[in-house]
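Down below is the structure, laid out as C-alpha cells.
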Amino acid sequence: MSPLDFTLVTFVVSVVAGFVGSLLGLGGGMIVTPVLTLALGVDIRYAIGASIVSVIATSSGAAAAYVRQHMTNMRVAMFLEIGTTLGAITGAWLAGRIDPQWLYLIFGLVLTASAIAMLRKRHAAGGPVPPDPMADRLRMHGEFFDESLQRTVAYRVSGSRPALALMYVAGVLSGLLGIGSGALKVPAMDLSMRLPLKVSTATSNFMIGVTAAASAGVYFLRGDIVPFIAAPVAAGVLVGATVGSRVMARLDNRVLRIVFVIVLLIVSVQMILKGVRG
C-alpha cells in the first residue's frame, strides 16, 4: 500500500471511528487501534500512540456540543477525573513494560466485560436511586432535555465512591491501551452512578480527552506517536466526532445500548484472537 493510500484509508476509518466513538462515549481509539493493527499491519505501540491522539480529537469534537446541549454533567466529570488522570499516568508507564500480545488480550477482555455489564443491566430508568451524601454535597444531580422524548429528564447521582475507584482502573486501561476507556466509564456511570445513558455518554466524551492528555506526553517522549499515522487519525476522528455529537441527541437510549454492546463484542473477539495467536 502506498503512503497516499494508507493516509486515505486511515482517514476514512478514523471518520467512522470518531462518529461511533462520540455516539457511545468510547473514544475513537476503540475502533482505530484494532483497524490499524489487524487490517493495516501497524505495530500496536504506534497504533496506541495514534489512538491516544484520536481520543483527544474525539473529546474536542464532541464534548463542546454536548456541553452546549447541557447533556454533560460537569461536576461528575471533574470528580471522576481525579481517578482517571492518576490511572492514565500509571497505565502509560506500564505500557512500555508489557508484551504486545498481552495488550491485545487485555484489550479484548476489557471490552467483553463491558459488553456483559451493559447486557446485565437491571435497574430501570427513573427507578429508585439510593442516597449518596457525597453526591448531595457536591451537587452532582442534574437534568437535560431529551430530544427523542421531547421533555426534560431530571436524574439523581448515586455510587460516587465505587465509581471513583472504577475510574482509576479505567484510567490505567486508557494509558495502557490508548483508548478513551469509555468502555469502562460509560458502564460505571450508567450502572454504578445511575446516570441516564445519554448523560453517561456525553460526560465520558468530555472526560476521555483529559485522561488521554495525561498519558500522551509519556507516549510522545517514548517515540510511540508517529505523525504520519497520528495526523490522518486525528483529522478523521475530529470530523466523525463532530457529526456524531449532533446525531446522538436524537437517538433513543435503547438504540444506543444495542449499538454499544454490538461494537464492543465484535472488536473484543478480534483482539482476543489476535492476542491468542500472537
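Could you work out which residue, out of THR37, THR58, THR201, moves most in a Gaussian network model of the chain, that is, has the largest mean-square fluctuation with Cα springs under 10 Å?
The residue that fluctuates most here is THR37.
Match the structure shown to one of the listed values [x] 22.4, 71; [y] 17.5, 58; [z] 22.6, 75 of Rg and Dmax of the Cα atoms in Å, computed from it, and give that label.
Working out Rg and Dmax of the Cα atoms in Å from the coordinates points to [y].
If you line up the long axis of helix 44-68 against the longest principal axis of the chain, both from Cα atoms, how many degrees apart are they, to the nearest 10?
Between the helix axis and the principal axis of the chain, the angle is about 30 degrees.
When the chain is modelled as a GNM with alpha-carbon springs shorter than 10 Å, which of VAL67, VAL55, VAL186 fluctuates the most?
Highest fluctuation of the listed residues: VAL67.
Loop by DSSP (not H, G, I, E, B), at most 10 other beta-carbon atoms within 10 Å: where is the longest site-free stretch of the chain for trypsin sites (Lys or Arg not before Pro)? Before the final figure, lay out each step's value.
Numbers: sites that count: ARG97, ARG120, ARG122, ARG139, ARG250.
After excluding every exposed loop site, the longest remaining stretch is 140-249.
Can you give the helix-only mean residue ellipticity at 222 nm for the chain, where every DSSP H stretch with n ≥ 4 adds -39500 (n - 2.57) and the sum goes over all residues, rounded to the nearest 500 deg cm²/dmol?
Values: 11 runs with 197 residues, N = 278.
It comes out at -24000 deg cm²/dmol, rounded to the nearest 500.
Nearest 10 degrees is fine. How inclined is helix 74-95 to the longest principal axis of the chain, computing both from alpha carbons?
30 degrees
Among SER59, PRO128, MET140, whose Cα lies farthest out toward the positive end of the dipole of the chain, if unit charges sit on the beta carbon of Lys, Arg (+1) and Asp, Glu (-1)?
Projecting each Cα onto the dipole axis, the largest value belongs to PRO128.
Find how much the distance from PHE145 to ARG75 grows on full extension, using 0.36 nm per residue of separation minus their present alpha carbon separation; answer in nm with one decimal. Display every interim value, and only then the final one.
Values: separation 70, 0.36 × 70 = 25.20 nm, distance 1.78 nm.
Full extension from PHE145 to ARG75 adds 23.4 nm.
Considering the options ALA115, SER2, THR85, tell which one lies farthest towards the positive end of the dipole of the chain, charges being +1 on Lys and Arg and -1 on Asp and Glu at the Cβ, about the Cα centre.
About the Cα centre, the residue reaching furthest to the positive side is ALA115.
For the chain, with a Gaussian network of springs between Cα atoms less than 10 Å apart, report the residue from GLY25, GLY41, GLY96 with the top mean-square fluctuation.
Per the Cα network of the chain with a 10 Å cutoff, GLY41 tops the list.
Report, to the nearest 10°, how far helix 227-248 tilts away from the longest principal axis of the Cα atoms in the chain, using its own Cα long axis and a range of 0 to 90°.
It works out to around 30 degrees.
Taking the Cα centre of the chain as the origin, how large is its charge dipole in debye, to the nearest 20, when only Lys and Arg (+1) and Asp and Glu (-1) carry charge on their Cβ atoms?
Working: 22 positive and 12 negative charges, 124 e Å.
So the dipole magnitude of the chain works out to roughly 600 debye.
Values quoted throughout were computed directly from the atomic coordinates according to the rules given, and no laboratory measurement underlies them. As the structure is a prediction and not an experimental result, all values here were calculated from the model. As a convention, Cβ positions derive from the backbone with ideal geometry for all residues, glycine included, and neighbour counts pool all protein chains shown.
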